[in-house]
Amino acid sequence: MCPDCEDFARTVLLLGQLALYADTNGADLDFVEAVSSSLAVSLPEPPPGYPGQEV
């Protein structure tokens, strides 16, 4: 997998895991808010031809 594809996929995975964590009882929502904002800002553009993109 290309480096840009790896970064994009890893960031999307982390956002998904964070969303699941946010729905658990006792989740630290201040942590979720801080980290989700940072992850969203750092999300790179999907590389050309990445699955799910129009080519």
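Miscellaneous remarks
- Surface composition of the chain: carbon plus sulfur atoms contribute 59% of the solvent-accessible area (1.4 Å probe, protein chains only, all chains present).
- Under the simplified labelling scheme, the residue 42-residue 6 pair shows an inter-label distance of 1.5 nm, with each label point 7 Å from Cα along Cα→Cβ.
- Angle in degrees between helix 29-42 and the longest Cα principal axis of the chain, rounded to the nearest 10: 10 degrees
- Heavy-atom surface of the chain, accessible at 1.4 Å and reported per residue (Å²): 77 Å²
- 0 to 90° range, to nearest 10: angle between helix 3-22 axis and the chain longest Cα axis: 20 degrees
- Contact order normalised by residue count of the chain, Cα under 8 Å, 6+ apart, percent: 49 percent
- Figure note: 4, 28 ranked by solvent-accessible area, largest first, 1.4 Å probe, ligands and nucleic acids not counted: 4, 28.
- Simple point charges give the picture: +1 on the Cβ of Lys and Arg, -1 on the Cβ of Asp and Glu, and for the chain a dipole about the Cα centre of about 100 debye.
The values are calculated or read from the model by the stated rules, or taken from the named source; none is laboratory data. Predicted model only: the values in this text are computed from it and were never measured. Note: ideal-geometry Cβ built from the backbone for every residue, glycine included; neighbour counts use all protein chains shown. Note: accessible area is taken over every heavy atom of the protein model, side chains too, but ligands, DNA and RNA are not part of it. Shrake-Rupley method; radii C 1.70, N 1.55, O 1.52, S 1.80 Å.
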